[in-house]
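The values are calculated or read from the model by the stated rules, or taken from the named source; none is laboratory data. The model shown is predicted, which means the values in this text are computed figures rather than measured ones. Cβ coordinates were reconstructed from backbone atoms using ideal geometry, including for glycine residues, and neighbour counts include every protein chain displayed. Side chains included, ligands, DNA and RNA excluded: accessible areas come from the protein's heavy atoms. Shrake-Rupley method; radii C 1.70, N 1.55, O 1.52, S 1.80 Å.
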Amino acid sequence: MINLPPYEFMNGPFMNGLPISEAFATRTFWSIQDAKWMQKALQLAKQGAKAGEVPVGAILVHNQQMIGQGFNEPIGRHDATAHAEIVALRDACARLKNYRLPLQTTLYVTLEPCTMCIGALIHARVDRLIYAASEPRAGMVGSQMNLSAQPFYNHNIHVHRGLCSDHSSQMLKAFFRERRKAAKKSDK
C-alpha cells in the first residue's frame with residue numbers, strides 16, 4: 001500500500017490558507033508513478049536498516065520499469081563505495097550489460113547523494129534524480145553544493161527534492177537514535 005502525503009485542499013481562491021498562485025509557486029506536485037517508485041526505495045532503505053546499515057534505498061527506473069535497485073551496504077560488503085546509489089547503478093549496468101544507462105532513466109533515492117554518488121550518476125548518464133531527504137552535512141545536489149549544475153560536466157541531471165522527505169527523515173532519525181541507545185548500553 002502506498003502512503004501518499006495528505007491531499008492539498010483548495011477552498012475558493014485559496015489553497016491551504018495561501019492564495020492559489022502563491023501556493024502553486026511554492027509546492028512541488030508529484031506523479032503517482034514517482035510516489036510509487038519512492039515508496040519502493042523506502043522499502044529498500046528498511047531492508048538496509050534491518051541489516052544494520054544506514055537506511056538509504058535507491059531504485060533506477062526506465063520506461064516505468066525497474067532496471068536496478070539497492071540499499072546501503074558498506075558494512076555488509078566491506079566496501080566503502082557500496083552506497084545505495086552505487087549498488088543500484090551496478091545492478092542496472094550488470095542487467096543491461098552497459099556502463100551507461102538508457103536515456104530518460106530516473107533514480108529515486110531516499111537521501112541526497114554525496115560527492116561520490118553524484119559523480120557516478122553523471123557518468124552513468126542518469127537523466128532525473130528524485131531524492132527524499134536532504135543531507136545537510138554532505139549532500140552534493142543542494143545542501144552543501146550543487147555538483148549536478150556545474151558547467152564543466154558533459155551531462156546534466158534534472159534534480160527534484162522532497163518526495164517523501166518526512167518519511168525518509170524519520171526513518172534515518174529513528175535508526176541513529178536506536179544506534180546511540182545501543183552504544184550507551186554497551187558502554188555500561
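When you look at Arg161, is it surrounded by 12 or more Cβ atoms within 10 Å (Cβ to Cβ), farther than 15 Å from Leu60 by Cβ and modelled with pLDDT of 95 or more, yes or no? Against the criterion (surrounded by 12 or more Cβ atoms within 10 Å (Cβ to Cβ), farther than 15 Å from Leu60 by Cβ and modelled with pLDDT of 95 or more), Arg161 qualifies.
Taking the residues in region 126-157 that are of a type in the set (D, E, K, R) and open to solvent by 50 Å² or more (accessible area, probe 1.4 Å) as candidates, determine which candidate is farthest from Trp30 (Cα to Cα).
Arg137
On inspection, Lys181 qualifies as open to solvent by 90 Å² or more (accessible area, probe 1.4 Å) and modelled with pLDDT under 95. Look at region 109-131: where a residue is aromatic (Phe, Trp, Tyr) and a partner is in a strand (DSSP E or B) and open to solvent by 10 Å² or more (accessible area, probe 1.4 Å), sitting 6+ places away or on another chain with Cβ atoms under 6 Å, you get Tyr131/Arg161.
Filtering region 88-103 to residues that are open to solvent by 10 Å² or more (accessible area, probe 1.4 Å) and under 25 Å from Val54 (Cα atoms) leaves Leu89, Arg90, Asp91, Cys93, Ala94. Restricting attention to region 104-125, and to residues there that are among the polar types (S, T, N, Q) and open to solvent by 20 Å² or more (accessible area, probe 1.4 Å), which single residue is farthest from His158 (Cα to Cα)? Applying the filter and picking the extreme gives Thr115. Checking each residue in region 132-183 for being aliphatic (A, V, I, L, M) and on the phi > 0 side of the Ramachandran plot picks out no residue at all. Of everything in region 56-79 that is of a type in the set (D, E, K, R) and part of a loop (DSSP other than H, G, I, E, B), the residue that is nearest to the chain's Cα centre (by Cα) is Glu73.
This table checks each residue for (1) in a loop (DSSP other than H, G, I, E, B); (2) of a type in the set (Gly, Ala, Ser); (3) under 21 Å from Arg161 (Cβ atoms).
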| site | (1), (2), (3) |
| --- | --- |
| Trp37 | no, no, yes |
| Gly52 | yes, yes, no |
| Thr81 | yes, no, no |
| Asp91 | no, no, no |
| Ile118 | no, no, yes |
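Would you check which residues across region 164-178 are surrounded by 15 or more Cβ atoms within 10 Å (Cβ to Cβ) and free of Cβ contacts under 8 Å to residues at least 12 places away in the same chain and list them? Give the derivation first.
Step one: of region 164-178, the residues surrounded by 15 or more Cβ atoms within 10 Å (Cβ to Cβ) are 164-165, 167-169, 171-172, 175.
The answer is none; no residue qualifies.
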